[in-house]
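Everything below concerns the one structure shown next.
The values are calculated or read from the model by the stated rules, or taken from the named source; none is laboratory data. Bear in mind the structure is a predicted one, so any value in this text is a computation, not a measurement. Here the Cβ positions follow ideal geometry from the backbone for every residue, glycine too, while neighbour counts run over all protein chains shown.
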Amino acid sequence: MSPDQVADWTSLLPPLIAIGLALWLRAVIPSIFLGIWVGMVLESGEGLDGVFTALLETFQVRILQVMLDADNVSVLLFTGMIGGMVGIISRNGGMHGIVNLVMGWARTVRRGQLSVWFLGLCIFFDDYTNTLVVGNTVRPVTDRLKISREKLAYLVDSTAAPVACIAVLTTWIGYELGLINKAISGLEGFEMNATGVFLNSIAYSFYPILAIFFVFLVSWTCRDFGPMRKAELRSRVTGQVAPVSSGESLEAPLETEVAEHIPRRAINALLPILTLILSCFVSLYITGEGDSLRARLGSADVYRALLWGSFLGASVAGALTLGQRIMSLESLIKSWVRGVSVMVEPLIILVLAWALSDTTSALGTADFLVAATGDKLILPLVPAGTFLLAALTAFATGSSWGVMAILLPLVIPVIWSAILAGGGVPVESMPLVFATVASVLCGAVWGDHCSPISDTTVLSSLASGCDHVEHVRTQIPYALLVGAVAVVVCLVPVGYGMPWWSGLLLSVIVLVLAHRLLGGPVEVADSH
């Protein structure tokens, strides 16, 4: 499509095809690729005659273009390097050392549940690692305390993706920054960089924040409701921690196995993580300009800082492992490669998401949506509507990253163009942008959280030794309550101008009251 052509309804086909096929096929990668292909056919203007040529150019032109971008490559390298570091510290005994350190305090039901919650916060940098390491390692302790497997799976699942989604340095951050950067590039009058948008959006990430709080509330009070309370009563009264339908096949997966001779030293994980965090912040300061810390961080070369930090973190993990003769060099490299390989599929989705974003930009999809909706688009309700769309799509597909890849490059230009078209002041309207960005990320996490076909939900069941259907059945009432409060009490009022902190404070009060009303006590006598 040439620049002088006006976008029409066909510009909606690429993202609609990507979403529709993802829902139908439950496979994100081919769905996004087909969306790009259709977009390339429309962009060529040759109709059916250009179908085959567009197929070739989808791979040779569009995907190659995004791969040649230096910032995009930096994101891919950073994400892969973080995955490699996680692979090392998961197998050198470091992660298990952290778990053992914390679980030594767990001598009662309340302490056991709070320990799992705390570990979920500590292992913040990757949801898969969080789920597999915590679930596999703490299960003997929670079994001894007569905490049901359903409750353990809920604790593990609800402190994995929600934490990784909003933590500043995780395997998610490069992916999220890459999508946001592509979405805001070229927007008229948009002056903030991707890092600034992400950091500001954390305050509006109501579902993950409230989900983490609710896990603490449930753990501290030892009150439950719905199917979860029945599972807890069964476990506490009869000592049967696993549901009847659970089988031996649901025991610990092999991905986090550590050889018996390897020492469980927390320092072997803590030091690489601290190196990653500190080196990233120091690198941000070094690469920035200005007299104040805010000015330096705001002007810093984020991608360079992430690359330096991830490389140094992985290097320290490797040096500690080799220095203590925990692994041979060959085993160390294999552990690093296995960690990187876990990130391959998400990185493929990210590359395709960039290509789809370029395609919709070339077709003028965002401009058409703004022009078509006009006065019909109620700006204050966009964050809540975006959350629901992302949640439903993620629930049906089981992929939070796939939903982010499809929606972020689309909704950010739409909300920004609508703000400008409505005569809004860009600076004053930024909270609406932050809330919309957060709604995509958080809605995707909620849908993924509740979906029975989600990889993290399945892994939580496996790592906790819980029947998968029982895990989903007992977790959904909690997720529905938190999600409803996040939308009704936070997103809708914030869209109309209420400060984000007011929404969070009010939501905490509502959750405490709802939990007190719905929940009933479960016997919390010490179990030894």
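Numbers below:
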{"item": "Which numbered condition residue 453 misses (of (1) crowded, with 17+ Cβ neighbours inside 10 Å; (2) under 29 Å from residue 175 (Cβ atoms))", "result": "(1)"}
{"item": "Set 463, 484, 514, 479: member being under 26 Å from residue 381 (Cα atoms), hydrophobic (A, V, I, L, M, F, W, C) and in contact with a Leu (Cβ under 8 Å, 6 or more places away or on another chain)", "result": "514"}
{"item": "Residue count, the stretch 179-231 (criterion: among the small types (Gly, Ala, Ser), over 22 Å from the mean Cα position of the chain (by Cα) and crowded, with 20+ Cβ neighbours inside 10 Å)", "result": "2"}
{"item": "Wholly enclosed helices (runs of 4 or more DSSP H) of the stretch 142-215 bearing at least 3 residues modelled with pLDDT of 90 or more", "result": "149-157, 194-201"}
{"item": "Residue ranges of helices (runs of 4 or more DSSP H) in the stretch 430-528 with at least 1 members within 21 Å of the chain's Cα centre (by Cα) and over 20 Å from residue 243 (Cα atoms)", "result": "455-464, 468-485, 500-518"}
{"item": "Candidates 115, 90 - the one that is under 18 Å from residue 167 (Cβ atoms) and either in contact (Cβ under 8 Å) with a residue 60 or more places away in the chain or not acidic (Asp, Glu) (or both)", "result": "90"}
{"item": "Top-ranked residue in the stretch 84-137 [being among the charged types (D, E, K, R) and modelled with pLDDT of 80 or more; ranked as farthest from residue 332 (Cα to Cα)]", "result": "110"}
{"item": "Pick from the stretch 40-80, criterion closer than 20 Å to residue 29 by Cα and of a type in the set (S, T, N, Q), ranking: farthest from the chain's Cα centre (by Cα)", "result": "60"}
{"item": "Qualifying residue in the stretch 330-340 (condition: surrounded by 24 or more Cβ atoms within 10 Å (Cβ to Cβ) and either at pLDDT below 85 or out of contact with any strand residue (DSSP E or B) (no Cβ under 6 Å at 6 or more places or on another chain) (or both))", "result": "yes"}
{"item": "Which listed residue, of 237, 241, is modelled with pLDDT of 70 or more, outside any loop (DSSP other than H, G, I, E, B) and aliphatic (A, V, I, L, M)", "result": "237"}
{"item": "Residues of the stretch 411-435 classified as modelled with pLDDT of 85 or more and closer than 27 Å to residue 13 by Cβ, total", "result": "7"}
{"item": "Residues of the stretch 396-423 satisfying the condition of being aromatic (Phe, Trp, Tyr) and either in contact with a Lys or Arg (Cβ under 9 Å, 6 or more places away or on another chain) or farther than 15 Å from residue 441 by Cβ (or both)", "result": "416"}
{"item": "Test for residue 34: is it on the phi < 0 side of the Ramachandran plot, surrounded by 16 or more Cβ atoms within 10 Å (Cβ to Cβ) and modelled with pLDDT of 80 or more", "result": "yes"}
{"item": "Test result for residue 166, in contact with a helix residue (DSSP H, G or I) (Cβ under 9 Å, 6 or more places away or on another chain) and within 30 Å of residue 344 (Cβ to Cβ)", "result": "yes"}
{"item": "Subset of the stretch 258-305 (residues that are among the small types (Gly, Ala, Ser), assigned to a helix (DSSP H, G or I), modelled with pLDDT under 80 and in contact with a helix residue (DSSP H, G or I) (Cβ under 9 Å, 6 or more places away or on another chain))", "result": "298, 299"}
